[in-house]
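Working notes, structure below.
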Amino acid sequence: MSNAIPMDLSLDLKNFVTPRIFIAATRQNDGKTTTSLGLFAALQSRFGNIGYIKPVGQRFVEIDGMKIDEDSVLVNRTYKVRSPLRAMSPIAVEPNFTRRYLETGNLPDLQKRVQNAFDEASWEKNFIIIEGTGHAGVGSVFDLSNAAVAKMLHSKVIIVSSGGIGKPIDEIALNMALFEKFGVEVIGAILNKVLPEKMDLVREYGARGLKRLGLPLLGVMPYNTELRKPTLNQVREEIKGEFLAGADFKRRRVARVQIGAMSARNVENYFEPGTLIITGGDRDELILTVLKHGESGGAPISGVVLTGGLLPPDSTVDLIRKSNIPFMRTACDVYSVATSINRMTVKTEIGDKDKITMIENLISRNVDVDQIVAKASNDEVNGRQMSLKLR
């Protein structure tokens, strides 16, 4: 970060009227996108035309020659946001971005890109959500930390943290320090991924702990196992695999993993919905047992991963391609596949309708959206009163 904090980061910003909120987090994968999705739906039901922008994105896809953050694409396609994608994702941190900035970077140019994008993304919107990237300091190396961006866009902040009491509140306090250094107001915190049996405890003592920081507790989100189950397609991407059959079932979720190291007769004990069987590609007898189970109309397993880059005899491969059981092949070994799946960070995918509905319900039931709206909108920005107009 620069030695001195710029005193005025809003020279090119034109929209000071549209109510806005910046979703930050204490760490990566604490629930910023989950919160943004659920909050978008809740606000849309109240006010209609909602905007979204992720000023700085680290995971992106190429669309029409533009590098667009994955979360911006997800929100746009889920809620049909009436804004150009380029305005929803002005900066994509591609490889060597940081190195190039440190060599020849032009901060005013980056600031202008973010501010112009915000003005476009918020045009004629009743409210806009700004999603951050990681913790408050992420982006400091190129002078666009979350705190700097929130300051530049004149936004108040909500901090999302993983569930608990001591550790999350300590981390929230640490993040608040940087926001406060930039003169950005944090209006509250959401504690996410709390074990269901500890919800009441965390709600009571989390609120007490946050009160000592001068923050209200805006919500407590329970840990939901369904949201942590990867789809077959996500598994395929993680293990760099390819579908041999059953690609139409790529959104089927994986609830558990079973390594097929036992005999073909014993593997039948693990044929349950949601089970992904991992086995060597040359285990012909075991593979035939799986295929026979599928033909008999038994409970559908999630799928099968054939490891080691190996395949069974051609006759078995033909049966695999004709079956309705998802099979995929990978060059990785059994242990590597099982370890990779166990360590996966499960993101919400485009088209994950059931999962997105769960997220919307979680936010609606567990987060005080009305308080967020009141705190975000009841303020004067540069002498002009922001106001919300119901449809």
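Database remark: amide H of residue 193 closer than 5 angstrom to the amide H of 163, 221, 223 (H placed geometrically; neighbours at sequence offset of 5 or more, or on other chains; Pro and chain starts carry no H). For the stretch 157-260, the gyration tensor built on C-alpha atoms gives a prolate shape. Its axis ratio a/c (a ≥ b ≥ c) is at least 1.5, and a/b is the larger of a/b and b/c. What the phi angles of the stretch 276-281 give under the Karplus curve with 6.51, -1.76 and 1.60, with θ = phi - 60°, is a coupling list of 9, 9, 10, 8, x, x Hz, glycine and proline written as x. Put a dot 7 Å past the Cα of residue 181, heading toward its Cβ, do the same for residue 343, and the two dots end up 3.1 nm apart. Overall shape: rounded for the stretch 230-342, with the ratio a/c of the largest to smallest alpha carbon gyration tensor axis below 1.5. R0 = 30 Å: FRET efficiency of residue 272 with residue 167, Cβ-based, nearest 0.05? The calculated FRET efficiency here is 0.30.
Taking the average, over residues, of other Cβ atoms within 10 Å as the packing measure, peptides 179-190, 95-106, 145-156 rank 145-156, 179-190, 95-106 from highest down.
At what distance in angstrom do the alpha carbon centres of the stretch 136-171 and the stretch 290-365 lie from each other? Computed from Cα coordinates, the inter-centre distance equals 36 Å. With each label modelled as a point 7 angstrom along the Cα→C-beta vector, the residue 318-residue 96 pair spans 5.0 nm.
Peptide packing: for 357-363, 71-77, the average count of neighbouring Cβ atoms within 10 Å per residue gives the ranking 71-77, 357-363, highest mean first.
Phi-derived couplings, Karplus 6.51 cos²θ - 1.76 cosθ + 1.60 at θ = phi - 60°, listed residue by residue for the stretch 260-265: x, 9, 8, 6, 4, 5 Hz, with x used for Gly and Pro. Give the aspartates and glutamates whose C-alpha is closer than 14 Å to that of residue 80, dropping any in the same chain fewer than 8 places away, or say none. The reachable aspartates and glutamates, counting only those whose Cα sits under 14 Å from residue 80, are 71. Converting phi to 3J(HN,Hα) with the Karplus coefficients 6.51, -1.76 and 1.60 and the offset θ = phi - 60°, the stretch 158-167 yields 10, 9, 9, 9, 5, x, x, 10, x, 4 Hz in sequence order, with x at every glycine or proline.
Show which lysines lie in cross-link reach of residue 198 when reach means a straight Cα distance below 20 angstrom and same-chain residues fewer than eight apart are skipped. Cα-Cα hits under 20 Å: 167, 211. Mind giving me the FRET efficiency for residue 208 and residue 364? R0 is 25 Å, r the Cβ-Cβ distance, nearest 0.05 is fine. Computed FRET efficiency for residue 208 and residue 364: 0.50. Compared with the direct C-alpha span, the chain from residue 80 to residue 66 gains 3.2 nm at full extension, assuming 0.36 nm per residue. Helix 284-295 and the long axis of the chain differ in direction by around 80°, with both axes built from C-alpha atoms. Ranked by the mean number of other Cβ atoms within 10 Å of their residues, highest first, the peptides 316-329, 79-92 come out as 79-92, 316-329. Amide H contacts under 5 Å for residue 51: 126, 127, 128, 129, restricted to partners 5 or more places along the chain or on a different chain, H placed in the peptide plane at 1.01 Å from N.
Throughout, read-outs are computed from the coordinates displayed, never taken from laboratory work. Quick caveat: nothing in here was measured; it's all calculated off a predicted structure. Reconstructed Cβ throughout: ideal geometry from the backbone, glycine too, with neighbour counts over all protein chains shown.
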